[in-house]
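The values are calculated or read from the model by the stated rules, or taken from the named source; none is laboratory data. For clarity, every value in this text was computed on a predicted model and none was experimentally measured. A quick note on method: Cβ atoms are made from the backbone with ideal geometry, for glycine too, and the neighbour counts reach across all protein chains shown. SASA here: full protein model, heavy atoms, side chains in, ligands and nucleic acids out. Shrake-Rupley method; radii C 1.70, N 1.55, O 1.52, S 1.80 Å.
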Amino acid sequence: MKDEYAIEVKNLTKKFGKQLAVDDVSMNVKKGEVFGLLGPNGAGKTTILRMITTLTKATSGEINIFGHNVAKESLAVRSMFGLTGQYATVDEDISARENLMIFSRLNGLTRKEAKQRTHDLLEEFSLTESADKAIRNFSGGMRRRLDLAVSLISRPPLIFLDEPTTGLDPRTRTQMWETIRELVAAGSTIVLTTQYLEEVDELADRIAVIDHGALIRVGTPDELKKSVGHSSLKIQLLDTTHLREAQKLLGNILQTEVSINEKTAELSAPLETVDYISTVLNELKKQKIEIENISVVKPSMDDVFFALTVGKN
């Protein structure tokens, strides 16, 4: 049903002169989900985001946000979302508190409402202790949290995060992930573009893979991983004595080719289902072949990225 969608994109195309930047993209974002846009630099992610957020006009196609047409109702649409970019859009010469007050007033809040909203956002994003420091003295993580706070002044139901953790240290990035989860738990819908594969794997409910301006595939992280290959079964023996015997045994059970690494005494084979694992272990035991370690390795988002984008180039 249409009312389940926060965003509907139909046949979206963007040309810059003769260059085709976005090529007939159609996709929907469900209410209450984190929807990731994944692709290499220059793939068209940011151009798509700019068209959805009314910053760039589409050459052709249609975009609806909560049922409102972006081209025809741009003013109404803009009130429904917050946009956080890669760089802070705040005045660096004044404090976080002053920035939040100014943006709150610009969003139509009364002075009393602006003061309360500023207080709440400073607490929510752990900026209270630094609230009266000039922004130029903020760390990258503090700037990013403030930028996100500014985008949430109007409490929009839809939030666009364009590479929100670029350049952040691992601890601050993890803190931002937690903030994003809390926003979703409170009912927000989030569209996330990122260069970090682990980030989209960790946060996104569904992911659109974009390359050369085209939509390659949409799916959950697990669906995308399954689409690019099977899991692998890896077995490390205690020594290399029975390596060839174990290779033959494993190949017969799995009916597939089994590779071996004589240096590490490890066998590796594609695995369609974990149902075979107990049979493998029982047969190895019968043949008195001792193992050091066994693991099932699933395809990663790296595999997805290279198979669906780099591999196409």
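Selection of region 113-153 for residues being over 28 Å from the mean Cα position of the chain (by Cα), part of a helix (DSSP H, G or I) and of a type in the set (D, E, K, R) yields Glu113, Lys115, Arg117, Glu129, Arg136. (1) of a type outside the set (A, V, I, L, M, F, W, C); (2) in a loop (DSSP other than H, G, I, E, B); (3) touching a residue at least 60 places away in the same chain (Cβ under 8 Å): which one isn't true of Gly82, the others all being true? Gly82 satisfies every listed condition except (2). When the strands (runs of 3 or more DSSP E) confined to region 223-299 are screened for residues that are touching a residue at least 60 places away in the same chain (Cβ under 8 Å), under 30 Å from Asp201 (Cβ atoms) and open to solvent by less than 60 Å² (accessible area, probe 1.4 Å), those reaching at least 1 such residues are found at 231-237, 291-297.
With the condition kept exactly as written, say whether any residue in region 200-210 is closer than 30 Å to Glu257 by Cβ and surrounded by fewer than 21 Cβ atoms within 10 Å (Cβ to Cβ).
Within region 200-210, the first condition is being closer than 30 Å to Glu257 by Cβ, and the residues that meet it are 201, 209.
Those left that are additionally surrounded by fewer than 21 Cβ atoms within 10 Å (Cβ to Cβ): 201.
Yes, some residue in region 200-210 is closer than 30 Å to Glu257 by Cβ and surrounded by fewer than 21 Cβ atoms within 10 Å (Cβ to Cβ).
For region 172-196, filtering for residues that are farther than 13 Å from Leu37 by Cβ and in contact with a helix residue (DSSP H, G or I) (Cβ under 8 Å, 6 or more places away or on another chain) leaves 8.
In region 248-285, the qualifying residues are those that are of a type in the set (S, T, N, Q) and under 18 Å from Leu238 (Cβ atoms), and the one that is farthest from the chain's Cα centre (by Cα) is Asn282. Here is the figure for region 1-47: residues that are under 30 Å from Ala186 (Cα atoms), open to solvent by 70 Å² or more (accessible area, probe 1.4 Å) and free of Cβ contacts under 8 Å to residues at least 24 places away in the same chain total 1.
Quick check on region 172-199: of everything there that is surrounded by fewer than 14 Cβ atoms within 10 Å (Cβ to Cβ) and either touching a residue at least 24 places away in the same chain (Cβ under 8 Å) or in contact with a Gly (Cβ under 6 Å, 6 or more places away or on another chain) (or both), which residue is nearest to Phe305 (Cα to Cα)? Checked region 172-199; the qualifying residue nearest to Phe305 (Cα to Cα) is Glu198. Checked against the criteria, Ser79 counts as within 25 Å of Ala6 (Cα to Cα) and among the small types (Gly, Ala, Ser). All of (1) closer than 17 Å to Phe160 by Cβ; (2) open to solvent by less than 70 Å² (accessible area, probe 1.4 Å) hold for Ala96 with one exception: (1).
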